[in-house]
Amino acid sequence: MEKTAFRHELAQQLRVDSIRASDAAGSGHPTSSMSAADLMAALVDGHLRLDFDRPDHHHNDHLIFSKGHASPLLYSCFKAAGAVDDAELLSFRGFGSRMEGHPTPALPWVDVATGSLGQGLPIGVGLALTGKYLDQLPYRVWVVCGDSEMAEGSIWEAFEHAAHRELDNLTAIIDVNRLGQTGETMHGWDLDSYADRARALGWNAIAIDGHDPEQVESALTEASSTTGRPTAIIARTKKGRGVSEVEDQLGAHGKPVKDTAEAIEELGGTRDLRVDVSKPGDGELPHQFRAEGGTLPHYEKGGSEVATRKAYGQALRALGSQRADVVAMDGEVSNSTHSEQFREGHPDRYFEMYIAEQQMVAAAVGMQTRGWKPFSSTFAAFLSRAYDFVRMAAISRADLCLMGSHAGVAIGEDGPSQMALEDLAALRAVHGSTVLYPCDPNQTARLLEPMADRPGICYLRTSRGAYPTLYSPDEEFEIGGSKTVRDGDHVTLIGAGVTVHEALRAAEQLASEGLRARVLDLYSIKPVDAAALRAAAYETGALVTAEDHWPEGGLGEAVLTALAESGVQVPVRKLAVSTMPGSGKPAELLNQAGIDAESIAAAAREVTRERVT
């Protein structure tokens, strides 16, 4: 069969199979799949290089469906390539099926989860950065975008960064089918509105009729041969193409066609075509950087005060010397997070992401798919902008490390816009996450190695101010552990980060009154050291928690949950930031929030009196 005719028939098969899968599920997005079928038929028949038998092959291209709701089309492509059979295709959206409603890495040819719109292209930028600057291999990254998601700001973060880094290995295929979920998109079929912006940002932009096989082929060929800049193929298509009942019709989004048999007949019936997707050559192995070795920094116990954010930067640089797979990126605050230390030591593995936190986290997600170990750093408050990317990273089964500095009222004069007071709750809520909050430089440095080796999303919260070094350089810190920094049997004071130091001061005050307070450094907030909490509850009979965070979802609630799950009942006082802070000295703000030494001591007196009565 002549190539053009074969691709037409293949596109019709993709449409039919998208309809069949959605019909079998009783739900899905067949019309969004049908609009891009001609584009995908041409891509998989001659341009995509992917060995389905070796999904981890380092020369494979990467295909990301940013419009993840068009999953029936993606799965139909997998069937056409012989990667899945018809029975599995028709298990779409079924319990236990790999054919989930939106793509996830449950399928080995899916790098990342998509479905939250605006994420696929930023992650594609991360993969393209990896190919060009880390792996240094010629694989290409193809991202299929919907026109509705072009309203997302994260898409334009990706456009700008891709052009800045000259990612000519990246192609965005924008399916401009005009219709969103509830009506026409902002720009309809005005292809120039997309093309002009892409060109202004430095992209090669090609506007085409997405149903014209010659134009589609020409655009894909041009994208593959363009150098020095990424390419956007902006394709005018019709939603529900080929079926008169739904073609270019409002109200057909996100539901199966009403008459499946009639729709399939209109498309020419079912087919069982197979496409021979090109396989990449073996070629060179991924580039490997040199690890010169070295040791983590050491800080003298009781010596000069050191900020944990500074210890993070110094330790990250040392970790990069020990491990050539560690990469780092920052949101243009590297002189505050101290990730600049890594940049100075390992400039080829450092990526400046500027004030684009969504793109920063997305780039990390892309990089980790290829086995790199990314550490992304910014102010903890600004990570909230990228929270949906963190949430989706967990669905992608991503392994990455986040560092948020300048947390809580203890940052002082900058005021509440810079004070992360929600981050512990937000990151604890992420599936499979790890949340750490060190209080001294040795603890900070020793936690980076287990973070790098731990699966899932790891979050390290660091402090702006400098504090005393409580631990010796040879102290060990395991994830899920805690440290008793002062023993006592009358009450336990529990803190993390800055409140550990306040708790120690409170313990000194209480000692002068005859109250022996235990101080527990709960540096691992998730997973929490339930055994240490149970022991403290049984042995001291009363607990006070203090955290530089809102009351909801942070350290105090982690403690209460652990106690409840253990069946332990003791009086607990939970101190946290409960009123909106302003600017001021750290000591003033800690006092106003009721989490300073005096407040902790007062709560300890109260809770021990209650226990006695």
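Is it the case, given these coordinates, that HIS69 is touching a Gly at 6+ places or on another chain (Cβ under 6 Å) and more than 27 Å from PRO280 (Cα to Cα)?
It is false that HIS69 is touching a Gly at 6+ places or on another chain (Cβ under 6 Å) and more than 27 Å from PRO280 (Cα to Cα).
Identify, from the list LEU522, LEU460, the residue that is buried (at least 22 other Cβ atoms within 10 Å of the Cβ), under 25 Å from GLY320 (Cα atoms) and touching a residue at least 12 places away in the same chain (Cβ under 8 Å). If you could, list the steps in order and put the result at the bottom.
Details: LEU522 fails: under 25 Å from GLY320 (Cα atoms).
So the residue among LEU522, LEU460 that is buried (at least 22 other Cβ atoms within 10 Å of the Cβ), under 25 Å from GLY320 (Cα atoms) and touching a residue at least 12 places away in the same chain (Cβ under 8 Å) is LEU460.
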Taking GLN249 as the residue in question, decide whether it is surrounded by fewer than 19 Cβ atoms within 10 Å (Cβ to Cβ), within 27 Å of the chain's Cα centre (by Cα) and of a type outside the set (D, E, K, R).
-> no
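Would you call LEU285 part of a helix (DSSP H, G or I) and within 30 Å of ASN60 (Cβ to Cβ)? Reasoning before the result, please.
Values: part of a helix (DSSP H, G or I): no; within 30 Å of ASN60 (Cβ to Cβ): yes.
In short, no.
For every residue, the table says whether it meets (1) small (Gly, Ala, Ser); (2) at pLDDT 95 or above; (3) farther than 30 Å from GLY415 by Cα.
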| residue | (1), (2), (3) |
| --- | --- |
| ARG454 | no, yes, yes |
| LEU460 | no, yes, no |
| GLY481 | yes, yes, yes |
| HIS490 | no, yes, yes |
Hey, any hits in the stretch 53-69 for a residue that's farther than 23 Å from LEU267 by Cα, β-branched (Val, Ile, Thr) and touching a helix residue (DSSP H, G or I) at 6+ places or on another chain (Cβ under 9 Å)?
-> yes
Listed by first then second residue, the pairs whose first member lies in the stretch 182-199 and is among the aromatic types (Phe, Trp, Tyr), whose partner is part of a helix (DSSP H, G or I) and surrounded by 13 or more Cβ atoms within 10 Å (Cβ to Cβ), with beta carbons under 8 Å and at least 6 positions apart or on separate chains, are TYR194/MET150
Please give the number of the condition GLY294 fails out of (1) without any contact (Cβ under 8 Å) to a residue 60 or more places away in the chain; (2) touching an Asp or Glu at 6+ places or on another chain (Cβ under 8 Å); (3) closer than 28 Å to TYR471 by Cβ; (4) of a type outside the set (Val, Ile, Thr).
-> (2)
From the list THR561, THR545, pick out the single residue that is crowded, with 23+ Cβ neighbours inside 10 Å and modelled with pLDDT of 95 or more.
-> THR545
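Based on what the data block shows, is LEU43 touching a residue at least 60 places away in the same chain (Cβ under 8 Å) and assigned to a helix (DSSP H, G or I)?
Details: touching a residue at least 60 places away in the same chain (Cβ under 8 Å): yes; assigned to a helix (DSSP H, G or I): yes.
Against the criterion (touching a residue at least 60 places away in the same chain (Cβ under 8 Å) and assigned to a helix (DSSP H, G or I)), LEU43 qualifies.
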If VAL485 satisfies every condition in (1) touching a residue at least 40 places away in the same chain (Cβ under 8 Å); (2) crowded, with 18+ Cβ neighbours inside 10 Å; (3) over 15 Å from ILE595 (Cβ atoms) but one, which is the exception?
-> (1)
Of those in the stretch 74-88 that are touching a Phe, Trp or Tyr at 6+ places or on another chain (Cβ under 6 Å) and closer than 15 Å to ALA37 by Cβ, the residue surrounded by the fewest Cβ atoms within 10 Å (Cβ to Cβ) is ALA81
What about VAL275, is it touching a Cys at 6+ places or on another chain (Cβ under 9 Å), over 30 Å from HIS338 (Cα atoms) and at pLDDT 95 or above?
-> yes
Specify which of the listed residues (SER71, SER97) is part of a helix (DSSP H, G or I) and either of a type outside the set (A, V, I, L, M, F, W, C) or buried (at least 21 other Cβ atoms within 10 Å of the Cβ) (or both).
-> SER71
Could you count how many residues in the stretch 584-599 are within 36 Å of the chain's Cα centre (by Cα), touching a residue at least 24 places away in the same chain (Cβ under 8 Å) and surrounded by 14 or more Cβ atoms within 10 Å (Cβ to Cβ)?
-> 8
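Is it the case, given these coordinates, that PRO103 is closer than 25 Å to ALA158 by Cα, of a type outside the set (Val, Ile, Thr) and at pLDDT 95 or above? I'd like the intermediate steps shown before the answer.
On the way: closer than 25 Å to ALA158 by Cα: yes; of a type outside the set (Val, Ile, Thr): yes; at pLDDT 95 or above: yes.
Yes, satisfied.
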Taking the options PRO122, PRO108, PRO103, name whichever one is touching a helix residue (DSSP H, G or I) at 6+ places or on another chain (Cβ under 8 Å), under 28 Å from GLY283 (Cβ atoms) and in a loop (DSSP other than H, G, I, E, B).
-> PRO103
Sort out which residues of the stretch 167-186 are in a loop (DSSP other than H, G, I, E, B) and more than 23 Å from the chain's Cα centre (by Cα), and write them in order of number.
-> ASP168, ASN177, ARG178, GLY180, GLN181, THR182, GLY183, THR185, MET186
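The values are calculated or read from the model by the stated rules, or taken from the named source; none is laboratory data. Nothing here was measured: the structure is a model prediction, and the numbers come from that model. All Cβ positions, even for glycine, are placed from backbone atoms using ideal geometry, and neighbour counts span all protein chains on display.
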